[in-house]
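The structure appears right after this line, and notes come after that.
The values are calculated or read from the model by the stated rules, or taken from the named source; none is laboratory data. No experiment lies behind these values; they were computed from the predicted model shown. Cβ placement follows ideal geometry from the backbone for every residue including glycine, while neighbour counts extend to all protein chains displayed. Just the protein is used for accessible areas: all its heavy atoms, side chains included, with ligands, DNA and RNA removed. Shrake-Rupley method; radii C 1.70, N 1.55, O 1.52, S 1.80 Å.
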Amino acid sequence: AKADGKSRWALYDPERNAREVARFTLSATMPAALERDEFYVDYQPLVRLEDSTVVGVEALVRWQHPEFGRLAPDRFIELAEETGLIVPLGRWVLRKACEQARRWLVEFGDSAPFVSVNLAVRQSRDPELVRDVRRILDECELPPTHLQLELTESAIMGTADEPLEALRSLSDMGVRIAIDDFGTGYSNLAYLRHLPVHELKVAGSFMEGLRAADGADPVDAQIVATLVQLAHALDLTVTAEGVETPAQAERLRRIGCDAGQGWFFARPGPPEDIDRLLHGD
Ligand code: C2E
């Protein structure tokens, strides 16, 4: 009876109603927001654990909403996927990120970091994807090797042939392909070797067990160590996400993980934050 009462009450839940209204408002105003330049991109470094070099930089989109303030992607990416706006929004992020990567390339030459951009499922299935990426790279005068595209396991595994073909073309061009949040989905590990993938990004959820200086969770540590071994056997690089403490970074380094990303190194921020890191100040 309690559950019944609860679900009936949920129909009139004012908070839920407010959330629905907010969702509706957000999705309705998103196209105009893109025109009005309300979106912007923050950057977070991927740091090589061996020598603390910034090898890559992830582009993370945000929405400076005139009414709701600064919105994290969790608030609007799913909506953008539902409405299809993710395709133009994703293209906009890609262009921004490539323009920024070009600036780093001009300033730092070959040692400039690659820029890593999230690709939503819908984008990965967009027939224009390869053409769009090629055009943006051309227009930004960015070598394909300075771009990485991050796809989730579900976007990349068990996909139909066409999106996989697109990823192959991109990979053949020299664009790096990474699997995001690795370890949280249902990856067919054997299948990995047939995919055009260069990097695994191990999900932050595994870092919890590596947190303490002593008494780290042996299972999490073993999972990460195994993923690193597997990745290296397949000639892939590994970045650990969500690294928050020096103990985690040190453990990951000893496990042989290539790079780390997380608050321990830097929070996501404006490109000037990355400039300072690259200048070593
Ligand atoms: P992701 O690709 O897994 O990005 C990493 C997320 O982890 C970011 O959240 C980042 O702020 C957060 N993070 C970084 N370091 C730490 C840490 O040490 N501890 C913890 N707890 N979190 C950390 P953010 O910026 O909120 O982005 C969330 C997700 O939204 C991203 O997850 C990505 O899936 C998606 N996203 C962001 N930008 C884009 C985009 O341009 N296109 C698409 N399709 N998705 C995007």
(request) Heavy atoms only, probe 1.4 angstrom, no DNA, RNA or ligands counted: give me 132, 181 ranked by accessible area, highest first. (result) 181, 132
(request) For segment 149-274, just list the percent of Cα-Cα distances falling in each 10 Å bin from zero outward, please. (result) 13, 42, 31, 13, 1
(request) Determine the per residue accessible area of the chain with all protein chains present and a 1.4 angstrom probe, expressed in square angstrom. (result) 52 Å²
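Determine the calculated [θ] at 222 nm for the chain from helices alone, applying -39500 (n - 2.57) to every DSSP H run no shorter than 4 residues and normalising by the residue count; nearest 500 deg cm²/dmol.
-14500 deg cm²/dmol
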(request) Please go through segment 176-253 and write out the chymotrypsin sites (Phe, Trp or Tyr not before Pro) that DSSP classes as loop and that have at most 12 other C-beta atoms within 10 Å. (result) 186
(request) On the protein heavy atoms, probe 1.4 angstrom, tell me the percent of accessible surface of the chain carried by carbon and sulfur. (result) 51 percent
(request) Within segment 36-69, list the trypsin sites (Lys or Arg not before Pro) lying in a DSSP loop whose Cβ has at most 16 other Cβ atoms in a 10 Å radius. (result) 36
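Is segment 68-181 best put as rounded, prolate or oblate by its Cα gyration tensor, with a ≥ b ≥ c the root eigenvalues, rounded for a/c under 1.5, and otherwise prolate when a/b is larger than b/c, oblate when not? Please report the intermediate quantities before stating the final value.
Details: a/c = 1.81, a/b = 1.20, b/c = 1.51.
It is oblate, given that a/c is not under 1.5 and a/b is not larger than b/c.
Just to make sure I understand: if all protein chains stay in place, what is the order of 157, 207, 173 by accessible area at 1.4 Å, largest first? Mind dumping the intermediate values first?
Working: 157 25, 207 0, 173 50 Å².
The ranking, largest first, comes out as 173, 157, 207.
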(message) As a test of reading the structure, rank 29, 239, 245 by solvent-accessible area (1.4 Å probe, protein chains only), most first.
(response) 29, 245, 239
(request) Report the relative contact order of the chain, percent, no decimals, based on alpha-carbon pairs under 8 angstrom and at least 6 residues apart. (result) 17 percent
(request) Could you grab the relative contact order for segment 1-122? Cα pairs under 8 Å, six or more apart, rounded to a whole percent. (result) 23 percent
(request) Express as a percent, rounded to the nearest 5, the fraction of DSSP beta bridges in the chain (both residues included) that run antiparallel. (result) 40 percent
(request) Using the 4.7 Å Cβ rule, please list in number order the cysteines from the chain without any candidate partner. (result) 257
(request) Run through all the Cα pairs of the chain and give the fraction in each 10 Å bin from 0, expressed as whole percent. (result) 6, 26, 32, 24, 10, 2, 0
